[in-house]
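Here is the structure we will look at.
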Amino acid sequence: MTAGPSLKMKVTVEQNNIHWEAANALVQVAANRADELNVKVNIAVVDSGGHLAAFLRMPGSAFHSIDVAISKAYTAMSFGMPTSQWGPVADTLSPLCKKGLLTLDKLMTCGGGVPIEVDGHRIGGIGVSGATEKQDEEIACHALKILQR
């Protein structure tokens, strides 16, 4: 008795991931920028699987923005675009599709989440929450400059 036709298939896949040193450096640089702007934020970095790789909560930042920062990083990694771009994207969806997407757990559609890309590979996402959406995104983008070679 045979189990069926013999299939030649790949069993594993390589996936690039952010290193813990880079993740920690990103949250530190982001916190320094937030200090310069005189705002208190939470900063999250997730790896390419959406798992938390680094996190920093500035004293005085809102407790609720802890989960918001993590969700921003998760959303940016998942979809490969800044979370600030979700408004225009959502406006193009049918009402049913829009309702379904916007009720997903961890989907964050306000600015402050940015994918982390190195050498053409998406290796994670960074999320900042606690200031204005514009400031959150500026802080995240500022931090990403340390990865430029």
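Build a GNM of the chain with springs between Cα atoms under 10 Å apart, and of Leu37, Leu93, Leu26 the one that fluctuates most is Leu93.
Only sites in a loop by DSSP and with at most 14 other Cβ atoms within 10 Å count here; which GluC sites (Glu not before Pro) in the range 9-49 make the cut? List each step's numbers first, then the result.
On the way: sites: Glu14, Glu21, Glu36; in loops: Glu14.
Passing both the DSSP loop test and the Cβ count: Glu14.
If one computes P(r) from the Cα atoms of the range 20-147, what percent of pairs lie at distances over 20 Å? That fraction is 36 percent.
About its Cα centre, how strong a charge dipole does the range 20-147 have in debye, to the nearest 20, once Lys and Arg get +1 and Asp and Glu get -1 at the Cβ?
Roughly 260 debye, rounded to the nearest 20.
Candidate cross-link partners of Lys72 among the lysines, defined by an alpha-carbon separation under 21 Å and a same-chain spacing of 8 or more, comprise Lys40, Lys98, Lys99, Lys106, Lys134, Lys145. Rounded to the nearest 10 degrees, the inclination of helix 20-37 to the longest alpha-carbon principal axis of the chain is 30 degrees.
Each value in this text was obtained by applying a stated rule to the coordinates, not by laboratory testing. These figures come from a predicted structure and were not determined experimentally. Every residue, glycine as well, gets a Cβ built from its backbone with ideal geometry; the counts of neighbours run over all protein chains shown.
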